[in-house]
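One structure is given below, encoded as structure tokens.
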Amino acid sequence: ARLSALVVSTTAFGFVAAGPTALAFTSMPTFAAASIGTALCASSAATFNQVLEIERDRQMKRTCNRPLVTGAVSKEMAVGLGCLTGASGGLLLGLGTDPVTTMLGVGNVGLYAGLYTYLKPKSEINTWVGAVVGAIPPVMGWTAAGGSLMDAEAILLGSTLFLWQFPHFFALNWMYRADYKRGGFAMVAVNDPNGDRTASLIKRYAIYLASLPFLSTALEVTSPMFAVDGGILLNSYALYVAFKFDKERSNANARKVFLTSLWYLPCVMMLFLLHSRRWHEEVPDDDKLVLKNGEVEDASVLVSMQKLVNEIQQKGRDLCMHESIVAKDVRIWVGNESNKTVIDGSKCPISLGKAVAESANSSIATEEEIELKLESTQEESQSLANESS
């Protein structure tokens with residue numbers, strides 16, 4: 001259930017991240033098909049995984065009460081359920097979304113129930129394969145909304161989920177390392193008695209994850225304030241608990257890393273949406289929308305969503321310390337209206353710095369042009385003087 005909830009939420013996140021303009025031409029049934037279809041595929045993958053790991057689950061305290069282990073559900077019933085959910089999920093994705101999203105969903109079932117499950121008792125690389133599986137649902141949401149696999153947003157969404165899983169799972173792995181050893185799984189913590197590698201990996205991927213808001217801002221996918229909210233404020237505590245575990249490899253510190261990861265993901269997803277440039281696009285104020293094929297669709301939900309996002313963004317700007325300092329007290333303005341940030345005319349220091357840099361570059365370019373003109377004039381004057389002499 002928790003896995004399905006995570007899959008649905010991240011798929012919905014990827015879908016909504018496409019912004020109001022993209023969503024205006026994507027129906028609610030498509031959204032439902034993407035979310036439910038992905039959840040069914042995830043359920044199928046998890047079911048097959050448990051079918052293949054009955055004996056190993058029996059050895060572990062945290063999995064010994066699963067229905068297949070206790071006999072509450074027969075192996076045949078589980079296989080039937082896995083086939084049913086996998087087929088219905090693939091069919092729903094195929095009919096309700098597009099070929100790319102369908103391919104990703106069906107392929108993920110094979111990747112999780114096949115390669116990932118096969119590698120778990122054989123190689124530590126299984127963790128990285130599992131992270132790829134977890135990174136695909138938000139990308140499915142993005143492609144279902146009309147996006148491309150090569151869009152910067154798709155890569156950032158997938159990277160966020162991919163990197164997030166390492167601090168999350170390595171912390172869990174460390175807390176239950178004895179249990180995983182009993183089950184015969186090849187996990188990093190099982191082969192890392194002192195926790196050196198586990199702590200190093202948690203720190204490394206926490207740093208990688210913390211860099212994404214800055215990369216997103218540099219690529220102009222989000223506003224500059226995402227680097228502050230998501231890059232500095234949100235990640236400060238996440239990095240703190242990661243480094244604390246490195247200093248003291250206790251189960252208590254590992255639990256802090258794990259619990260931090262649970263609230264970190266919804267927070268970073270929400271901040272991404274609030275600072276996304278796509279959610280600053282305009283949609284019609286009325287509740288009707290004419291689609292590309294000429295059909296008229298109810299857009300009341302979309303309009304309400306953007307109004308809500310705009311209200312939250314405005315409240316955030318009102319509370320922003322940087323906005324208050326620059327706009328009210330210092331009264332610093334750089335450039336004219338056309339040179340302000342397209343998103344919200346933000347006057348925070350990050351936006352100011354960017355505007356000042358652009359202004360400086362323009363000034364330098366102007367000075368260079370003047371110098372070139374002066375040199376050209378001097379050369380012409382010298383040439384005329386030579387000719388007259």
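The values are calculated or read from the model by the stated rules, or taken from the named source; none is laboratory data. What you are looking at is a predicted structure, and each value in this text was computed from that prediction instead of being measured. Cβ coordinates were reconstructed from backbone atoms using ideal geometry, including for glycine residues, and neighbour counts include every protein chain displayed. To get the accessible areas, we keep the full protein, side chains included, count just its heavy atoms, and leave off ligands, DNA and RNA. Shrake-Rupley method; radii C 1.70, N 1.55, O 1.52, S 1.80 Å.
If you check residue 43 against the conditions, is it open to solvent by 20 Å² or more (accessible area, probe 1.4 Å), touching a residue at least 40 places away in the same chain (Cβ under 8 Å) and out of contact with any Phe, Trp or Tyr (no Cβ under 7 Å at 6 or more places or on another chain)? The answer is yes for residue 43. For residue 162, the stated conditions do not hold, so it cannot be described as of a type outside the set (S, T, N, Q), open to solvent by 20 Å² or more (accessible area, probe 1.4 Å), in a helix (DSSP H, G or I) and under 17 Å from residue 245 (Cα atoms).
The listed residues are 234, 201, 215, and the only one of them that is open to solvent by 60 Å² or more (accessible area, probe 1.4 Å), out of contact with any His (no Cβ under 9 Å at 6 or more places or on another chain) and on the phi < 0 side of the Ramachandran plot turns out to be 215.
Remark: residue 230 falls outside the filter, which requires a residue to be more than 19 Å from residue 158 (Cβ to Cβ) and of a type outside the set (S, T, N, Q). Of the candidates 11, 30, 63, the single residue that is hydroxyl-bearing (Ser, Thr, Tyr), assigned to a helix (DSSP H, G or I) and open to solvent by less than 20 Å² (accessible area, probe 1.4 Å) is 11.
Of all residues in segment 169-189, those satisfying the criterion of being surrounded by fewer than 21 Cβ atoms within 10 Å (Cβ to Cβ) and part of a helix (DSSP H, G or I) are 172, 175, 178, 179, 181, 182.
The numbered conditions (1) assigned to a helix (DSSP H, G or I); (2) open to solvent by less than 60 Å² (accessible area, probe 1.4 Å) are all true for residue 76 except (2).
Per-residue answers, yes or no, for (1) open to solvent by less than 70 Å² (accessible area, probe 1.4 Å); (2) within 18 Å of the chain's Cα centre (by Cα); (3) within 30 Å of residue 145 (Cα to Cα):
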| position | (1), (2), (3) |
| --- | --- |
| 220 | no, yes, yes |
| 227 | yes, yes, yes |
| 240 | no, no, no |
| 254 | yes, no, no |
| 261 | yes, yes, yes |
